[in-house]
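Sending over a structure as C-alpha cells; questions will come in a sec.
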Amino acid sequence: MRNYEIKLVDSSRKIADILTNDIGNDPERLSEMIAISLKDQYPLSMRATRVVTLTAEKYPEIIVPFIPEIINKLRSLKVEGVRRGFMKIVADINYEFDEDQTGYIADMAFTCLADTREAIAIRYYSIEILLKIIKVYPELAIELKEILTGMLEEQSAGLISKSKQTLHYLNKLLA
C-alpha cells in the first residue's frame with residue numbers, strides 16, 4: 001500500500017497532480033485510489049476521485065478495465081463530487097457499454113437529467129452520456145429531446161446552452 005489516504009490531506013491541485021503522477025499508468029495504483037473513492041466518505045473520497053479523473057484524462061486506457069465497477073457503483077454513491085467525477089469519466093472515456101450497462105447507465109442518466117435537485121454538472125454529464133448511447137440506440141433521441149425541451153425553462157445558463165446545442169443536434173438526427 002502506498003498510504004494514499006494519508007497523502008490526500010487537502011483538495012489542492014498540487015497534491016492531485018503529485019498523486020496522479022505517482023499512479024502514472026499503473027493499474028494497481030489506480031485500483032487503490034478507486035477503492036478510496038468508492039468508500040464514499042467526504043472529503044477523502046472526493047479528493048481521491050479527483051486524482052482518478054486526472055489519471056483517466058492523462059492515461060485514458062488505464063481506466064477502461066474499471067468502467068464496469070464504476071458504472072455499477074454510480075447510483076449508490078452519496079458524495080456528489082464522487083458521482084460527478086465518475087460521471088465525467090464515463091462521459092469522456094472511449095468505451096462501448098454492453099447491453100446491460102447501457103440500460104443501467106441510460107436509466108440513471110435520464111433520471112439524473114430530469115431531477116432538478118441534481119447538481120448541474122451531473123445533469124450536464126448525463127447529457128454527454130446519453131449522447132454517446134444515442135449513437136448506438138438512436139431511438140432514445142426522442143426521449144432525450146422531450147426532457148431537454150422541458151429544461152429550456154431552467155435557471156442555469158450553462159444547462160440551457162447545453163440543452164439548446166443538444167436539441168439542435170437531435171433535430172438534425174431525427175429529421
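The values are calculated or read from the model by the stated rules, or taken from the named source; none is laboratory data. Owing to the predicted nature of the structure, the values given are computational and were not obtained by experimental measurement. Reconstructed Cβ throughout: ideal geometry from the backbone, glycine too, with neighbour counts over all protein chains shown.
Looking at the structure I just gave you, is GLU128 surrounded by fewer than 19 Cβ atoms within 10 Å (Cβ to Cβ) and modelled with pLDDT under 95?
Working: surrounded by fewer than 19 Cβ atoms within 10 Å (Cβ to Cβ): yes; modelled with pLDDT under 95: no.
For GLU128, the condition - surrounded by fewer than 19 Cβ atoms within 10 Å (Cβ to Cβ) and modelled with pLDDT under 95 - is not met.
Can you tell me which residue among SER11, SER37, SER45 is surrounded by fewer than 19 Cβ atoms within 10 Å (Cβ to Cβ) and within 28 Å of ILE127 (Cβ to Cβ)?
On the way: SER37 fails: surrounded by fewer than 19 Cβ atoms within 10 Å (Cβ to Cβ); SER45 fails: surrounded by fewer than 19 Cβ atoms within 10 Å (Cβ to Cβ).
Of SER11, SER37, SER45, the one residue that is surrounded by fewer than 19 Cβ atoms within 10 Å (Cβ to Cβ) and within 28 Å of ILE127 (Cβ to Cβ) is SER11.
Something else about it: Only one of THR149, THR116 is within 13 Å of LEU167 (Cβ to Cβ), surrounded by fewer than 17 Cβ atoms within 10 Å (Cβ to Cβ) and out of contact with any His (no Cβ under 9 Å at 6 or more places or on another chain); which?
On the way: THR116 fails: within 13 Å of LEU167 (Cβ to Cβ).
Result: THR149 is the single residue among THR149, THR116 that is within 13 Å of LEU167 (Cβ to Cβ), surrounded by fewer than 17 Cβ atoms within 10 Å (Cβ to Cβ) and out of contact with any His (no Cβ under 9 Å at 6 or more places or on another chain).
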